[in-house]
Structures are given as C-alpha cells and as structure tokens.
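Let me begin by presenting the structure, written as structure tokens, before commenting on it.
Here, each number is a calculation from the coordinates, and none is a lab measurement. Bear in mind that the values here come from a model prediction, so they are computed numbers and not experimental data. Positions of Cβ are generated from backbone atoms using ideal geometry, with glycine treated the same way; all protein chains shown enter the neighbour counts.
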Amino acid sequence: MSKTHLFFHTEIGRQKPNSIRNKEQACPFCAREKLTDIIAVDGLIIFLKNKFPVLDNTFQTVLIETDECDSDLSVYSKEHLHRLIRFGLTQWLKMIESGEYKSVIFFKNHGPYSGGSIAHPHMQIVGLKEIDYHEKVVASDFEGLTIHEQNGTIFSISTAPRIGFYEFNVKLGDIMDISAFANYIQTATHYILNNFPFKMNSYNLFFYHHENEIYAKIVPRGVTTPIFIGYFIPQVPNNIEWMKNDIKEKYFSSH
C-alpha cells in the first residue's frame, strides 16, 4: 500500500527561525559566510542541505535565490530570473534522475499565508523516499484558459483548480529555452502581489514533472476555504474569463 502521509518532527520545527512573522528575527540566509553543507552555487544563488530537516524519510534542501533579503521573484531582473529557474530545474531534475527517491518535490513559499517561515527569498527541493506525489496529480490539474503562449510554452488560468479559486499554470515547451517559462511564472507572481482584484500578499509556486512534461503552478494564498479543508471540494470562481483578459491587457497588450 502506498504511503500517503509525511511525518513532521515537532522538536526540530520548534527550533526553526521565523522571520516572516517575527521581523526582529535575524535572517539565517543573510549570514552567507555561516552557511554549511553547500551543494552547488551559481552566482548569488546557493543550493544547500536544509539545516532543519523536519520531514521524516526525506532529503531536504534549500535554494537561496539571492543575497537581497527584501526582494522577491516577482521583481527579479530577467537575467537573474532565467538563471534562477534554470538552476532550480537542473538541481530538481538531478535529484529525480538519481533514482534515490520515490519522487522529488520542488516548491516556493512567499508571504505570511504561504506556510513558510523565512522571509528571505528561497525555494525548497525535497526528495521523498516513501511517497510518490504523482499519485495525486492528474492532467486536468493543469488545464485552463490560455492567457498567453510563446514557443510552445503555455500560460493559463485553471478551470479545474486543485485547491479552488484562482490557480495559474505554466507548461514548459522546450527544456532548452526556459525564458518564456520563467517570464510567465514571474508575471503570475507579480499579478498576485500587485494587480489582483483584492489585496494579496502570499503565494506558493509548485513544480511538477507529469507525463514527461514540466509544469509550474502558481497559487495565490489567503485563508483556505473550509469546504476544501473539510471535504476536499475545490470551488471555481465565475470570473476566471475576466481575470484571463485582465492579465492579457496588463502584461501582454501591445498598446
């Protein structure tokens, strides 16, 4: 029988610094000279073992995106953005191809409602030794209304969201050209934080390797609906066509 639950070490969890909610907390990622167990470096990007491995039967890593603590993916220069996404995909695929894990998850938390604890921009790549996340992923998770398309890379808004309400999808066209893929991810995060129809300060970014395709899903985060928490029933808003057009007008209009 497949394993379905991850076990969380609460004692380790209590030791984790929280600079999202506690602004007085010193940022561990800013003290770059004190970082240990570094796996790879690319310019300002550092990939290392997670100092607080709270999840049982996993290999937890952190990808520090930049040396600027107050920055965010939504405002990176195109050069740094493309370098970051290319580097992250490379490290993720290396862990997948190692064959050491049942599956490997790659994600980012941003903001107080994202489930993260450290404000400094970072992502996480976690090798799961007993759980295959693919068992809970279906093709319809990435279906949606197309917002924009470039060189086979497709940016859409979900018509069958996994959690409910608004979810943005990006399907990678060519692994050798990730520029549109990275740009669309940035557009989604910028829209969520700056142009959403109501105030939003948090999002999650998830990557999926599904049926030989690579996808990113960007999810605005607020308080999760009780209908999903209690019954796993996602809700679909009736204005996703409007939001598709709003993003096209704000980011892809030629005017």
Relative counts (whole %) of C-alpha pair distances in the stretch 196-240, using bins that are 10 Å wide: 19, 42, 34, 4
Disulfide-incompatible cysteines by the Cβ rule (no partner under 4.7 Å) in the chain: Cys69
Spacing of the two label points (7 Å from each Cα toward its C-beta) at His210 and Ser98, in nm: 2.5
Dipole of the chain, positive direction: furthest Cα of Ala216, Ile64, Pro112, with charges on the beta-carbon: Pro112
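Which shape class applies to the chain: rounded if a/c is under 1.5, otherwise prolate when a/b exceeds b/c and oblate if not, where a ≥ b ≥ c are the square roots of the Cα gyration tensor eigenvalues?
On the way: a/c = 1.37, a/b = 1.27, b/c = 1.08.
Since a/c stays below 1.5, the shape of the chain is classed as rounded.
With a ≥ b ≥ c taken as the square roots of the eigenvalues of the C-alpha gyration tensor of the stretch 137-251, please select rounded if a/c is under 1.5 and otherwise prolate if a/b is larger than b/c or oblate if it is not?
Numbers: a/c = 1.78, a/b = 1.27, b/c = 1.41.
Oblate, since a/c reaches 1.5 and b/c is not below a/b.
What length, rounded to one decimal in nm, is gained on full extension from Arg14 through to Ala160, with 0.36 nm per residue of separation minus their alpha-carbon distance? Intermediate results must be reported in sequence, preceding the final value.
Numbers: separation 146, 0.36 × 146 = 52.56 nm, distance 3.62 nm.
Computed gain between Arg14 and Ala160 is 48.9 nm.
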Cβ-based net charge around Glu100, under 13 Å, with every Lys or Arg adding one and every Asp or Glu removing one: +1
Cα-Cα over 24 Å, subset of Lys102/Lys217; Lys108/Lys129; Lys51/Lys199; Lys78/Lys248: Lys51/Lys199
Residues of type aspartates and glutamates that Lys49 reaches as a straight line, Cα spacing below 17 Å, ignoring anything fewer than 8 places off in the same chain: Glu33, Asp37, Glu65, Glu100
Long-range amide H partners of Val104 with built H, under 5 Å: Leu128
Whole-angstrom gap from the stretch 72-116 to the stretch 131-208, using each part's C-alpha centre: 14
Label-to-label distance, nm, for residues given as Glu149 and Asp177 (7 Å Cα→Cβ offset): 1.5
Using θ = phi - 60° and Karplus 6.51 cos²θ - 1.76 cosθ + 1.60, couplings along the stretch 122-138 (whole Hz; Gly, Pro as x): 7, 10, 9, 10, 10, x, 9, 7, 10, 10, 9, 5, 4, 5, 10, 10, 10
Label-point separation in nm, Val223 to Arg32, each point 7 Å along Cα→Cβ: 4.0
Total charge dipole magnitude, the chain, about the Cα centre, Cβ charges on Lys, Arg, Asp, Glu only, Debye to nearest 20: 600
Rounded to whole Hz, the Karplus (6.51, -1.76, 1.60) HN-Hα couplings of the stretch 46-59, x for glycine and proline: 10, 10, 8, 5, 6, 6, 10, x, 7, 9, 5, 6, 9, 10
Estimated dipole of the stretch 137-251 in Debye, rounded to 20 [Cβ of Lys and Arg +1, of Asp and Glu -1, Cα centre]: 460
